1. Quick check on packing: order 282-293, 78-89 by the mean number of other C-beta atoms within 10 Å, highest mean leading.
2. Run the helix sum for the chain: -39,500 (n - 2.57) per DSSP H stretch of 4+ residues, divided by residue count, reported at 222 nm to the nearest 500 deg cm²/dmol.
3. So how do 254-263, 141-150 stack up, highest first, on mean other-Cβ count within 10 Å?
4. Dipole size in debye (nearest 20) for region 120-258 around its Cα centre, Lys and Arg Cβ +1, Asp and Glu Cβ -1?
5. Taking +1 at the Cβ of each Lys and Arg and -1 at the Cβ of each Asp and Glu, which of 241, 141, 224 sits farthest along the dipole of the chain towards its positive end, judged by Cα position relative to the Cα centre?
6. Obtain the nm distance between the two label points defined at residue 15 and residue 31 by a simple spin-label model: each point lies 7 Å from its Cα along the Cα-to-C-beta direction.
7. Based on DSSP H assignment, which helices of the chain show an axial Cα extent of at least 24 Å together with a mean Kyte-Doolittle hydropathy greater than or equal to 1.6?
8. Could you state the per residue volume, in Å³, of the convex hull enclosing the Cα atoms of region 195-318?
Amino acid sequence: MSELPDELIRRKLQDRVGKYHLDLRLGIENDHHTRVFGQGRNFFHPENWYSIHGLMRFALRATLLRDKSMRNARDIRVERNTVTIDALPGPFDGFTLLQISDLHLDMAPDLPHALIGAVRELEYDICVLTGDYRARTYGPCEGALHGLEQLRTHLSGSVYAILGNHDSIRMLPAIEEMDMRVLLNESVRLERNATQLFVSGIDDPHYHRADNMEKTLLPVPDDAVSVLLSHSPEVYRHAAYAGYDLMLCGHTHGGQICLPGGTPLMCNAACPRAFCSGAWRYHKLQGYTSRGSGVSIIDARLNCPPEITLHTLRRTSP
């Protein structure tokens, strides 16, 4: 199971996502996948500055925090978030979404097993994956795809996914072969007792800037309750003005390396820090930014435990 070459991916996806989207995605992946400065919503991309990775690892060893920070990275917490929505149809009251974000499954051989241990006993209605399955932003995808394949056997029910800034669109056919629907500026309708709930997913808005919220909203009625999956919280304004009820995202890792008390040294997102971890609100839009289940740049976490999240939708009492 591996990513596909450009011509084959064009034959498979052009009719589905459109020529412009595909040309944009493949062009940026081919030309700018190792850019440190420029491109995307952020000017600086530390995940592509590989000379600094060694310095960070050296700093952890020098401060005798390396072993502790690696143990922290495998201590995945289950967070619970209740979302109250006035217009939620009665049959969806109590509907629960398991969110897993920023998996970076090929960062270390044991990380998929740590994640599987955290998810396999949970109960939920659907699972949503909010991007970043690969450790690097370029190169082979086989390790990440193998980790996803292992994880899929422990996820129950329907799984919906989006791509992050570390992911290649060439991975999409392999992911969907695992019975996980990848939403590329698309929406799906969930039905219960003649009522409906929409789950939308945009392509990476952070680095590739391949998001198209207008296209995503085309099949969503104005009065429908809708949940948006976005890899990064940076498009929170667009989501609020578009009328989404809930936005689930990740990308920031909550900082991953934080000061005591949880203050992040860096969030790598062009948005207020209040939107970089946990639950938040902007006008009528409710949002949640996951700290992620994996690690990026270095295999370490400090004062910022990894998480998976159970979001339970509740209807406002009459």
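1. Working: 282-293: 22.6, 78-89: 14.8.
So the order, starting with the most tightly packed, is 282-293, 78-89.
2. Working: 9 runs with 84 residues, N = 318.
The helix contribution divided over the chain gives -7500 deg cm²/dmol.
3. Details: 254-263: 16.8, 141-150: 20.5.
By packing density, highest mean first, the sequence is 141-150, 254-263.
4. Values: 11 positive and 20 negative charges, 53 e Å.
Here the size comes out at about 260 debye.
5. It is 241, whose Cα lies furthest towards the positive end.
6. With each label point 7 Å from Cα toward Cβ, the separation is 2.9 nm.
7. Working: long enough: none.
Span-like helices in the chain: none at all.
8. Details: hull volume 15.0 nm³, N = 124.
Taking the convex hull of the Cα positions in region 195-318, it is 121 Å³ per residue.
Just so you know, all these numbers are worked out from the coordinates, no wet-lab data involved. On a predicted model such as this, the values are computed, not experimentally measured, just so you know. Cβ: placed from backbone, ideal geometry, glycine included. Neighbour counts: every protein chain shown.
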